[in-house]
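Heads up: the structure comes next, in structure tokens.
The values are calculated or read from the model by the stated rules, or taken from the named source; none is laboratory data. These numbers come from a predicted model, not from an experiment. Every residue, glycine among them, receives a Cβ derived from its backbone with ideal geometry; neighbour counts consider all protein chains shown.
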Amino acid sequence: MVFDKNEWAVIVIFFLTEGTATYLHTKHRVMRTAEGLALILFNVYFTSLLEFILATKPVDLYDTIDRNYGELFDLPLEMVTYPVTMYIFMHVFLAWSLKKRHIVLLGAALLLILEWITMHFFSLFTYKGWNLMYSYFFYMFVLTINVNLTEWLHKRVVTGHE
């Protein structure tokens, strides 16, 4: 394994997302711990499933980091950074009482910009059959699922009603 700019990018992104989520959870809590944990665990599974489908054969649309197979630095991205990023977006959604469509459209745009930065400056992704614009629609899909899950969880955990 060659330790280069994409591994450093993963480390920086990891600490930025973890630091932000920890700060939000301790200083500006809008979700109970059970809600946040459920959201993160769902996204660990969801991310792993989607990465398996899209980044491995027979589909194989892109590679992450340096290789076309899993490596050590894929784990913090899939298991921590991606799920915690969804936690941060859902925190903003609840804290600012945003409309679903606003968090989905703005979140997808922000994630698209971040993906472009990591791809162009840090070679975090290598597209094979993927196009950056596919990512926008993909992020809209993922954020829509997360917004609906967050609303459902929040309603049940906070109010205890269905």
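Structure data summary
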{"item": "Cross-chain or 6+ apart pairs with Cβ under 6 Å, segment 1-14 first and touching a residue at least 60 places away in the same chain (Cβ under 8 Å), then of a type outside the set (A, V, I, L, M, F, W, C) and outside any helix (DSSP H, G or I)", "result": "N6/S123"}
{"item": "Qualifying residue in segment 8-31 (condition: among the small types (G, A, S), within 14 Å of P83 (Cβ to Cβ) and modelled with pLDDT of 95 or more)", "result": "yes"}
{"item": "Considering residues of segment 24-64 that are over 24 Å from F138 (Cβ atoms) and surrounded by fewer than 11 Cβ atoms within 10 Å (Cβ to Cβ) only, the residue nearest to the chain's Cα centre (by Cα)", "result": "T33"}
